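Data block below; observations after.
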Amino acid sequence: MSASPIVEIARSARLASVSLQSVTDTQKNEALLKIKQVLSDRREEIFKANEEDKKIAEELVKAGKLSASLYKRLDVCQNDKFDTILSGVSDIAELPDPTKKITLATKLDEGLELYRLTVPVGVLLTIFEARPEVVVNISCLALKSGNAVILKGGKEATHTNAALARVIQDALASLPATNGIPKEAVQIVETREDINALLDLDRYIDLVVPRGSNSLVKYIQNNTRIPVLGHADGICSVYIDKEADIEKAVKIVVDAKTNYTAACNAAETLLVNESLLSNGEFIKVALALLDAGVTLKCEKNIQEVLLKSDAISQEYKQNKIKEAVEEDFYTEFLDLIMAVKSVSDVEAAVVHINEHGSKHTDAIVTENKETADYFMTRVDAAGCYWNASTRFADGFRYGFGAEVGVSTNKTHARGPVGLEGLVIYKYKLLGHGQGAGDYGSGKKQYKHETIEPAQYKL
């Protein structure tokens, strides 16, 4: 009985991942630069597919079936954006090979040496929504780290995703036979049924990386035995301390909220030290957010302060200042909306964030080093920032070339995940005929001496 097409995809990805284990960094970089070249050569083909997706998506937005934030993520037709995608491929090629690094070297006995080396995870299954550039980013990160990848994008970008995957496969197929990277190292599937089938194939797939909504991530986590790396919500907070530089606070908060509202690292909650309500400093922050088009969903005491202020226009008071409900502080708005709350001190800010946040990225604005240290030590998040916007939580900005996603896990990888999150390790023991029975009481004893990694030779 022949296997289903989905099983064949998973099986061929597994075989490709085995081939990738022995590929050199030079061969990986050759493949990445070929991908960049073919993507550039076939730009118009990709743009045409993207225009088709955008046309369909526009109708879905009008019908209320697709959010404006998802639509924003769909477009790759701007030449500067596409050039950024291409430069990202070059950036990944220039990064050091994360595999074959020796992280432990121990002499157990003469002629018995133990080494721990970084190795690829194997086969990745990446499920994402809207952003077609993820096809390129993750394919290149996977190849650079020696992994095969199966991609499933959102249906709103079906044509673009398929075009990008086709171009990447064609680029791999055009490599010389000596390169060693098969085109099956990058594959794409299209339907939800395909995903349901793949989530059962833990025999072939080693890691699932979901990038999308809370409901998508939760669905995957609840429907597979395969380890899942990722995050559900991006409920990021900024706390303005009583010792904050208000000019810094204005810049940081506006950037964190408005630089790209649809991103998971955009700030959704603003926590304000209550002393800033009485001295008028908070008004400067609130007015800057209102001028940037942000609707403020405020606790009642903050709403009262803003409504009484002569610095805030009647239009803002009527249309942009709303009373918050508790659910707002658990909400990822992905829009020009921000929940605002006052707290008594940094301890209260930490308590709020640990209760309401999503362990993604949170920031404090203060000139007090000890207060900043308290916040960054005690907030349970993948990223804690002092006097900087939460929007810096990004693999490209961290220097990873790109990112697979942001992980709020506490095993294997955390925060923006680049190449280092796509490798694991294995132990290699080099002996000369020894048996475990040779060691013990009255027999040989282990040396457990640290040795130079450079001694590793087969």
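The values are calculated or read from the model by the stated rules, or taken from the named source; none is laboratory data. The model shown is predicted, which means the values in this text are computed figures rather than measured ones. Here Cβ is always computed from backbone atoms with ideal geometry, including for glycine, and neighbour counts include all displayed protein chains. Quick note on the areas: whole protein, heavy atoms, side chains included, nothing else; ligands and nucleic acids left out. Shrake-Rupley method; radii C 1.70, N 1.55, O 1.52, S 1.80 Å.
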Taking interchain pairs and intrachain pairs at least six residues apart, which have beta carbon atoms under 7 angstrom, with the first residue in segment 133-144 and farther than 17 Å from THR158 by Cβ and the second open to solvent by 10 Å² or more (accessible area, probe 1.4 Å) and in a helix (DSSP H, G or I)? LEU141/LEU419; LYS144/LEU419
With the checklist (1) modelled with pLDDT of 95 or more; (2) among the acidic types (Asp, Glu); (3) under 23 Å from the mean Cα position of the chain (by Cα) in hand, flag the one item GLU190 doesn't pass. (1)
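Name the one entry in THR99, THR106 that is more than 29 Å from GLU59 (Cβ to Cβ), surrounded by fewer than 20 Cβ atoms within 10 Å (Cβ to Cβ), polar (S, T, N, Q) and in contact with a strand residue (DSSP E or B) (Cβ under 7 Å, 6 or more places away or on another chain). Don't jump to the end; show me each part of the working.
Details: THR99 fails: surrounded by fewer than 20 Cβ atoms within 10 Å (Cβ to Cβ).
Unique residue meeting the criteria: THR106.
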A careful count of residues in segment 389-400 that are open to solvent by less than 20 Å² (accessible area, probe 1.4 Å) and either among the aromatic types (Phe, Trp, Tyr) or under 12 Å from the mean Cα position of the chain (by Cα) (or both) gives 2
Out of everything in segment 391-407 that is of a type outside the set (Phe, Trp, Tyr) and part of a helix (DSSP H, G or I), what residue ends up being nearest to CYS140 (Cα to Cα)? GLY395
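Within segment 139-152, is even one residue open to solvent by 10 Å² or more (accessible area, probe 1.4 Å), outside any helix (DSSP H, G or I) and closer than 21 Å to VAL217 by Cβ?
Initially, segment 139-152 is screened for residues open to solvent by 10 Å² or more (accessible area, probe 1.4 Å), giving 152.
Restricting the remaining residues to those that are outside any helix (DSSP H, G or I) gives 152.
Checking which are closer than 21 Å to VAL217 by Cβ leaves us with 152.
Among the residues of segment 139-152, at least one is open to solvent by 10 Å² or more (accessible area, probe 1.4 Å), outside any helix (DSSP H, G or I) and closer than 21 Å to VAL217 by Cβ, which makes the answer yes.
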Test result for ILE302, under 22 Å from the mean Cα position of the chain (by Cα), surrounded by 22 or more Cβ atoms within 10 Å (Cβ to Cβ) and either farther than 13 Å from GLU268 by Cα or aliphatic (A, V, I, L, M) (or both): no
Give just the number: which of (1) surrounded by fewer than 17 Cβ atoms within 10 Å (Cβ to Cβ); (2) within 25 Å of VAL350 (Cβ to Cβ) does TYR239 not satisfy? (1)
What number of residues within segment 262-280 are touching a helix residue (DSSP H, G or I) at 6+ places or on another chain (Cβ under 7 Å) and crowded, with 21+ Cβ neighbours inside 10 Å? 8
Under 7 Å between Cβ atoms, which residue pairs at least 6 apart in sequence (or on different chains) link something in segment 441-452 that is farther than 14 Å from ARG116 by Cβ and touching a residue at least 40 places away in the same chain (Cβ under 8 Å) with a partner that is charged (D, E, K, R) and open to solvent by less than 100 Å² (accessible area, probe 1.4 Å)? LYS444/ASP109; LYS444/ASP438; TYR446/ASP109; LYS447/LYS107; LYS447/ASP109; GLU449/LYS107
Residue pairs within 7 Å by beta carbon, gap of at least six or interchain, first lying in segment 205-228 and within 15 Å of ALA10 (Cα to Cα) and open to solvent by less than 30 Å² (accessible area, probe 1.4 Å), second hydroxyl-bearing (Ser, Thr, Tyr) and in a loop (DSSP other than H, G, I, E, B), listed first then second, are VAL208/THR224
If you go through segment 114-131 one residue at a time, how many are open to solvent by 30 Å² or more (accessible area, probe 1.4 Å) and modelled with pLDDT under 95? 2
Please enumerate the residues belonging to segment 406-427 that are open to solvent by 70 Å² or more (accessible area, probe 1.4 Å) and not β-branched (Val, Ile, Thr). LYS410, HIS412, ARG414, GLU420, TYR425, LYS426, TYR427
Would you say ASN147 is of a type in the set (S, T, N, Q) and touching a helix residue (DSSP H, G or I) at 6+ places or on another chain (Cβ under 6 Å)? yes
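In segment 153-187, what residues are part of a helix (DSSP H, G or I), of a type in the set (A, V, I, L, M) and modelled with pLDDT of 95 or more?
Kept after step one, since they are part of a helix (DSSP H, G or I), are these residues of segment 153-187: 155-173, 177-179, 183-185.
This time we only want the ones that are of a type in the set (A, V, I, L, M), so: 157, 162-165, 167-168, 171-173, 177, 185.
The answer is ALA162, ALA163, LEU164, ALA165, VAL167, ILE168, ALA171, LEU172, ALA173, ALA185.
Test HIS356 against the stated conditions and say whether it is over 17 Å from the mean Cα position of the chain (by Cα) and touching a residue at least 40 places away in the same chain (Cβ under 8 Å).
yes
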Residues (assigned to a loop (DSSP other than H, G, I, E, B), among the β-branched types (Val, Ile, Thr) and touching a Gly at 6+ places or on another chain (Cβ under 9 Å)) located in segment 220-278: ILE235
Give me a count of the residues in segment 365-390 that are in contact with a Ser or Thr (Cβ under 7 Å, 6 or more places away or on another chain) and closer than 10 Å to VAL346 by Cα. 1
Based on this model, can you work out whether ASN137 counts as polar (S, T, N, Q) and under 20 Å from SER17 (Cα atoms)? yes
How many residues of segment 23-40 are farther than 17 Å from LYS183 by Cβ and either surrounded by fewer than 17 Cβ atoms within 10 Å (Cβ to Cβ) or out of contact with any helix residue (DSSP H, G or I) (no Cβ under 8 Å at 6 or more places or on another chain) (or both)? The answer is 4
Which one of LYS359, LYS284, LYS308 is within 18 Å of ASP245 (Cα to Cα), open to solvent by 60 Å² or more (accessible area, probe 1.4 Å) and not acidic (Asp, Glu)? LYS284
